[in-house]
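Trainee: Provided herewith is a single structure, encoded as structure tokens, for subsequent inquiry.
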Amino acid sequence: MSLVSSFEKILEKQVTRKEFLVMCVGFFVTIVGLERFLKVFELPKRVVGFGTGPYGGKKK
Amino acid sequence: MHSMGRRRKPQRKRSNRKCIMHTISIYKHFQELRDRFLISIFFIVSASLVGWFIKDGIIVFLTKPLQQTLYYNTPSGGLTFLIKVSILFGVLVSMPIIYSQFWGFIAPAFPPLHKKFIRRITFFSTTLFLSGVSFSYFVLLPAALKLFSRFQDVSLAPLISGDAYFAFVSSYLIWFGILFQIPILFLVLNKLGFINRSHLARFLPYSFLVSFVVAAFITPTPDPINQTMVGLPIFLLFLISWVFVKEEGIYHVISI
């Protein structure tokens with residue numbers, strides 16, 4: 001199954017408005033939480049060692 | 001003869017109404033979300049354009065509590081400031097539309113929030129938002145600016161930039177507009193059966209402390225006068241919520 005068709009299959013899934021809102025809130029909380037987590041622990045800088053800005057920065 | 005004794009008060013029945021929720025595809029949900037978002041954006045942009053034409057009046061109104069000329073320290077600072085002022089005007093004016101679109105999207109998730117209730121909620125949300133904005137503009141902002149102006153001296157004069165003043169004023173106005181939504185939040189939670197009057201009554205003593213903690217975070221000044229001026233209205237909003245919230249049953253929702 002191609003990526004597009006599996007994505008279309010997800011979009012065609014029948015859900016109630018409540019389930020949809022829960023999905024949206026869950027997605028938002030995950031993204032914001034992940035962003036905070038990466039920022040606080042500076043993971044890209046520690047693990048990968050490259051990148052600029054608050055998430056990384058090349059080690060000198 | 002049938003005695004006309006004391007008549008019993010009719011006991012409030014716990015609501016056992018059944019609500020039906022319809023399922024539609026995720027794509028349709030996204031379509032509705034996009035449409036409502038576009039409607040809100042359209043109104044914000046239109047109102048901002050109107051704001052652009054009356055920008056001089058808005059700037060005079062915004063700087064009235066400060067009574068000083070504002071400065072900008074980058075070549076494009078003046079334009080950025082005017083655009084920000086127009087957008088703030090656009091957002092504030094479009095608030096009824098934004099609220100109606102927001103509640104219109106949320107309502108199908110909670111069947112007890114029927115159309116009539118949504119119309120009322122939109123009206124009260126807008127009224128409370130405008131009350132919050134007015135309260136912060138006419139009461140809190142002049143008080144806070146007066147307090148800050150005490151620190152200027154012969155050797156220490158303010159040179160306030162338009163951007164800094166805009167950030168200060170807009171955060172005050174918008175925070176208060178949002179905080180004044182507390183009664184609406186409690187009313188909706190009550191309507192959905194999550195909380196009732198006895199829950200709020202139990203929380204009431206703590207709400208005093210919570211109001212002052214929230215006020216400490218919002219106020220930019222460390223003085224207790226400003227904190228009290230912010231904390232008391234928040235506590236009053238809790239009290240208003242307690243008056244309007246009812247003892248209601250929980251709806252049973254069925255998905256089909």
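Trainee: Listed residues B:Phe43, B:Phe30, B:Phe89, B:Phe37; which is under 26 Å from the mean Cα position of the chain (by Cα), more than 26 Å from B:Trp175 (Cβ to Cβ), among the aromatic types (Phe, Trp, Tyr) and at pLDDT 90 or above? Don't jump to the end; show me each part of the working.
Mentor: Working: B:Phe43 fails: more than 26 Å from B:Trp175 (Cβ to Cβ); B:Phe89 fails: more than 26 Å from B:Trp175 (Cβ to Cβ); B:Phe37 fails: more than 26 Å from B:Trp175 (Cβ to Cβ).
Of the residues listed, the single one that is under 26 Å from the mean Cα position of the chain (by Cα), more than 26 Å from B:Trp175 (Cβ to Cβ), among the aromatic types (Phe, Trp, Tyr) and at pLDDT 90 or above is B:Phe30.
Trainee: How many residues, within the range B:142-152, are surrounded by 13 or more Cβ atoms within 10 Å (Cβ to Cβ) and out of contact with any Leu (no Cβ under 8 Å at 6 or more places or on another chain)?
Mentor: Here is the first cut: in the range B:142-152, the ones surrounded by 13 or more Cβ atoms within 10 Å (Cβ to Cβ) are B:142-145, B:147-148.
Subsequent filtering for residues that are out of contact with any Leu (no Cβ under 8 Å at 6 or more places or on another chain) retains B:142-144, B:147-148.
Of the residues in the range B:142-152, 5 are surrounded by 13 or more Cβ atoms within 10 Å (Cβ to Cβ) and out of contact with any Leu (no Cβ under 8 Å at 6 or more places or on another chain).
Trainee: In the range B:144-171, how many residues are closer than 15 Å to B:Tyr72 by Cα and in a loop (DSSP other than H, G, I, E, B)?
Mentor: 3
Trainee: Go through (1) at pLDDT below 90; (2) away from chain A (no Cβ under 14 Å); (3) more than 21 Å from B:Phe168 (Cβ to Cβ) and name the single condition B:Ser25 misses.
Mentor: Among (1) at pLDDT below 90; (2) away from chain A (no Cβ under 14 Å); (3) more than 21 Å from B:Phe168 (Cβ to Cβ), B:Ser25 violates only (2).
Trainee: All but one of (1) of a type outside the set (Ser, Thr, Tyr); (2) surrounded by 18 or more Cβ atoms within 10 Å (Cβ to Cβ); (3) within 14 Å of chain A (Cβ to nearest Cβ) hold for B:Gly132; which doesn't?
Mentor: (3)
Trainee: Limited to the range A:1-24, what total is found for residues that are at the interface with chain B (Cβ under 8 Å from one of its Cβ atoms) and either more than 27 Å from B:Pro111 (Cα to Cα) or of a type in the set (Lys, Arg) (or both)?
Mentor: Number of matching residues: 3.
Trainee: Inspect the range B:220-233 for any residue being surrounded by 18 or more Cβ atoms within 10 Å (Cβ to Cβ), within 22 Å of the chain's Cα centre (by Cα) and among the hydroxyl-bearing types (Ser, Thr, Tyr) and give the result as yes or no.
Mentor: So far as the range B:220-233 goes, no, none of its residues is surrounded by 18 or more Cβ atoms within 10 Å (Cβ to Cβ), within 22 Å of the chain's Cα centre (by Cα) and among the hydroxyl-bearing types (Ser, Thr, Tyr).
Trainee: Here's a follow-up. What residue, among those in the range A:1-41 that are of a type in the set (Ser, Thr, Tyr) and not in a strand (DSSP E or B), is modelled with the highest pLDDT? Break it down stepwise before answering.
Mentor: Initial filter on the range A:1-41 (of a type in the set (Ser, Thr, Tyr)): A:2, A:5-6, A:16, A:30.
Adding the requirement that they be not in a strand (DSSP E or B) leaves A:2, A:5-6, A:30.
Values: A:Ser2: 81, A:Ser5: 85, A:Ser6: 85, A:Thr30: 93.
Restricting to residues being of a type in the set (Ser, Thr, Tyr) and not in a strand (DSSP E or B), the top hit is A:Thr30.
The values are calculated or read from the model by the stated rules, or taken from the named source; none is laboratory data. The structure displayed is predicted, hence computed values, not measured ones. Virtual Cβ from ideal backbone geometry, glycine too; neighbours counted across all protein chains shown.
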